[in-house]
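For reference, the structure discussed in these notes is given below.
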Amino acid sequence: MNPASISGQPAGCLCFFGVGALLEACFEQLVMAAGRPPDVLCDNSPDKWGQRFRGIPCVAPGDIPAAAEDTLVVLCLRNYEAPLAQLRALGYRHVRLACFDRGYHRLSALRALDETLPDTPPPLSPRGRRALVTGATRGIGRQIAQALAQAGTHLICHGRTEAAAIQACRAVASYGIEALPVAADLADAAATDRLCRWLADLAPPVDILYNNAGISPPCPEGFWKQDGREFASCYAVNAIAPIRICQTLIPGMRERGFGRIVNVSSSIQKRPDEMAYACSKAALDKFVHDLAPTLAGSGVMMSLLDPGWLRTDMGGANAPHAVDSVLPGALLGAVVDGDVNGRWISAQDYRGLSLEAAIHKAFFIRAC
């Protein structure tokens, strides 16, 4: 197919906007979807203007060499809202969004940004429901716990130690919700089993589960000297414990006809010194990929959340994103309706948006 057939517009200049990791990883897929290579690339970074990428020149947004009414621009960006407004102001009417799946390694569609979508389902209110957040004592877990508490959700705050779990509950006490502390070292299989038995007997039961707790052990001597204990501990915390908690809670959710499970994953790749962490997250992804479709129609929805590289104790001080940028994206798995199971949610796609705008965007980039 050619640009005219995918867009219904005149096939003039074809431009891919956004010279970054997505373009590099998916260039061939973009060319196949568009029907031909682009005539020009475009980016907002002045240091890229005048350079050639894959033999194609990169220019400033105002220098695309064709009349705006005959140009088709494909946005190859995660956060496309500001560049779209910029292109509209410059007179470009024919703009498509490249929608990517599964950590942005696969192009799923080119969507016209002027098309009208059906109304998205209204957000589910978590008010009055009960949520378990593992690793609620710091970082991403603390952000999620506070956001849920602010929305009126009763909480079970998990921490590795009792003192840490109690402190997490105190941090959300001002929102007027019930917060229960629970302690378990998820690297210890016996401790995980005790936690699961406690959850099985809990009343009222858990409606929303965030499997957030995770570890990534340092590997100062490199991958080749990483021993089996580090792999075992990563798998225990990052994969086995979430799976065991799901085994405990999902049957009751199915019986009640409602449940939301958000498993925190990662899009980390090509970093062998973090292989134990990466492999354990891949195991969790496989679990969700295989189990989620069996929940269709049950009222229980399971998703994977990629929080992005954040400045947390695990992510380190050099990470590009502040920890609070995980919101509102991290909430989507708990509040989105529509029986979409197995959704991959990249939190950084939604940074800076309201929850309502984030929900609309989630359906827009999914409805391909």
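The values are calculated or read from the model by the stated rules, or taken from the named source; none is laboratory data. The shown structure was predicted, so the numbers you read here are calculated from the model rather than taken from an experiment. All Cβ positions, glycine included, derive from the backbone under ideal geometry; neighbour counts span all protein chains shown. The accessibility values were calculated without ligands, DNA or RNA, using every heavy atom of the protein model including side chains. Shrake-Rupley method; radii C 1.70, N 1.55, O 1.52, S 1.80 Å.
Summarising the label geometry, the points placed 7 Å from Cα in the beta-carbon direction at ARG138 and ASN79 lie 2.6 nm from one another. Legend: residues SER45, SER125, sorted from most to least accessible area (1.4 Å probe; ligands, DNA and RNA excluded), read SER125, SER45. Rounded to the nearest 10 square angstrom, LEU353 shows an accessible area of 50 square angstrom against a 1.4 Å probe. On the basis of the beta-carbon distance and an R0 of 22 Å, GLU356 and GLU178 show a calculated FRET efficiency of 0.25. Computed extension length for GLU255-ALA203: 17.3 nm, one decimal, from 0.36 nm per residue of separation with the Cα-Cα distance subtracted. One chain, two ends: ASP70 and ARG93. Fully extended at 0.36 nm per residue, the span grows by 7.4 nm beyond their Cα-Cα distance. Using a probe of 1.4 Å on the protein chains alone, the accessible area found for ASP290 is around 80 Å². Applying 1/(1 + (r/R0)^6) with r as the Cβ-Cβ distance of THR294 and ALA232 and R0 = 30 angstrom yields a FRET efficiency of 0.60. Of the GluC sites (Glu not before Pro) found in segment 156-227, the ones in coil according to DSSP and having at most 12 other Cβ atoms within 10 Å of their Cβ are GLU221.
Distance from the C-alpha centroid of segment 291-365 to that of segment 38-72: 32 Å, rounded to the whole angstrom.
The packing ranking of peptides 292-298, 230-236, highest mean first, is 230-236, 292-298, where packing means the average number of other beta carbon atoms within 10 angstrom of each residue. A straight Cα-to-Cα reach below 26 Å connects LYS225 with the lysines LYS270, LYS281, residues fewer than 8 places away in its own chain not being considered.
Per-residue SASA remark: TRP49, around 110 Å² accessible (1.4 Å probe; ligands, DNA and RNA not included). A prolate overall shape is assigned to segment 295-342, the ratio a/c of its alpha-carbon gyration tensor axes (a ≥ b ≥ c) being 1.5 or greater and a/b exceeding b/c. A simple spin-label model places pseudo-atoms 7 Å from Cα toward Cβ; at SER125 and ALA21 they are separated by 3.8 nm. Between the beta carbons of ALA163 and ALA319, assuming R0 = 25 Å, the FRET efficiency works out to 0.40 to the nearest 0.05. Summing Lys and Arg as +1 and Asp and Glu as -1 over all other residues whose Cβ lies under 10 Å from the Cβ of TRP49 gives a net charge of -2. Element breakdown for the chain at a 1.4 angstrom probe: carbon and sulfur atoms account for 54% of the accessible area. For the pair segment 230-281 and segment 194-226, the centres of their Cα atoms are 7 angstrom apart. Scoring 15-21, 50-56, 191-197 by mean Cβ neighbours within 10 Å over their residues and listing the highest first yields 15-21, 191-197, 50-56.
Short-range pairs are left out: with C-alpha atoms under 8 Å and at least six residues apart, the relative contact order of the chain is 13 percent. Solvent exposure of the chain, expressed per residue, is 45 Å² of accessible area, with all protein chains present and a 1.4 angstrom probe. For the chain, the equivalent ellipsoid derived from the alpha-carbon gyration tensor has semi-axes of 40, 23, 18 Å in decreasing order.
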